[in-house]
């Protein structure tokens, strides 16, 4: 029996799903692996129409970090006013005090440069960089972020998956943006708490509004923790 394994970010890209199904041999089978299955697949799993195995816990046996909410004005307004809200500043300082590497996600590439200027004035003692899909130096910056040379990395969802930094906290600005659906929020939150040495990383949703996507992301994370606890996977 031949098994081919392909890794693609299917989310919000129906063309990839279509292409994969066209190359599957007659009688072939698909095995889907996802930390954030789309709503349709979740419904099929709950109804019993989709055979599935659920893995509700990480290898280290600690619960997934549950995001907390900080209320703040839209980022574009903060940049226009030239200041970062006190609540966000305090949360960032707490992460820096515990020597965490900070993922700071934003919804738009256009916000990165202005935010970098504000952050560098606020925290001149640390190395702060920004990156996006348009940055030719992205790979080098990610390596420096991993090794601790860069302490805070402002980024778009280009780094929402596939990047593991052991001792990290996650901040998502404009978490109420329509560009951040439930799956994206869960993926970004998943950058925290991945290491057995720092399993309780912090995740902050910062936004002016409290949206359905944010509520659903937190509900999904809490649900995974509850399942893991009931099944005895979590360390006491």
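The values are calculated or read from the model by the stated rules, or taken from the named source; none is laboratory data. What you see is a predicted model; the values in this text were computed from it and never measured. A quick note on method: Cβ atoms are made from the backbone with ideal geometry, for glycine too, and the neighbour counts reach across all protein chains shown.
Worth a mention:
- For the stretch 90-131, residues that are under 22 Å from residue 180 (Cβ atoms) and in a helix (DSSP H, G or I) total 13.
- Residue in the stretch 48-64 that is surrounded by 13 or more Cβ atoms within 10 Å (Cβ to Cβ), over 20 Å from the mean Cα position of the chain (by Cα) and not in a loop (DSSP other than H, G, I, E, B) present: no
- Selection from the stretch 180-190 of residues that are buried (at least 24 other Cβ atoms within 10 Å of the Cβ) and assigned to a loop (DSSP other than H, G, I, E, B): 180
- Being surrounded by fewer than 23 Cβ atoms within 10 Å (Cβ to Cβ), part of a helix (DSSP H, G or I) and modelled with pLDDT of 95 or more holds for only one residue in 177, 213, and it is 213.
- Pairing residues of the stretch 23-44 that are at positive phi and surrounded by 13 or more Cβ atoms within 10 Å (Cβ to Cβ) with residues that are modelled with pLDDT under 75 and not in a helix (DSSP H, G or I), at Cβ distances under 7 Å and at least 6 apart in sequence or on separate chains, gives no pairs at all.
- Neighbours by Cβ (under 7 Å, 6+ apart or cross-chain): first from the stretch 124-140, surrounded by fewer than 17 Cβ atoms within 10 Å (Cβ to Cβ); second assigned to a helix (DSSP H, G or I) and modelled with pLDDT under 95: 133/158
- Picking from residues in the stretch 217-236 that are touching a helix residue (DSSP H, G or I) at 6+ places or on another chain (Cβ under 8 Å) and modelled with pLDDT under 95, the one that is farthest from residue 158 (Cα to Cα) is 234.
- If the condition is being assigned to a loop (DSSP other than H, G, I, E, B) and modelled with pLDDT under 90, then the stretch 152-164 contributes 160, 161, 162, 163, 164.
- Taking every residue in the stretch 219-236 that is surrounded by 13 or more Cβ atoms within 10 Å (Cβ to Cβ) and pairing it with any residue that is in a helix (DSSP H, G or I), at least 6 positions away or on another chain, the pairs with Cβ-Cβ distances below 7 Å are 220/182; 220/186; 221/186; 221/189; 234/228.
- Yes/no for residue 169 being under 11 Å from the mean Cα position of the chain (by Cα), over 12 Å from residue 106 (Cβ atoms) and at pLDDT 90 or above: yes
- The residues listed here are 75, 32, 104, 88; of these, the one that is modelled with pLDDT of 90 or more and under 30 Å from residue 228 (Cβ atoms) is 104.
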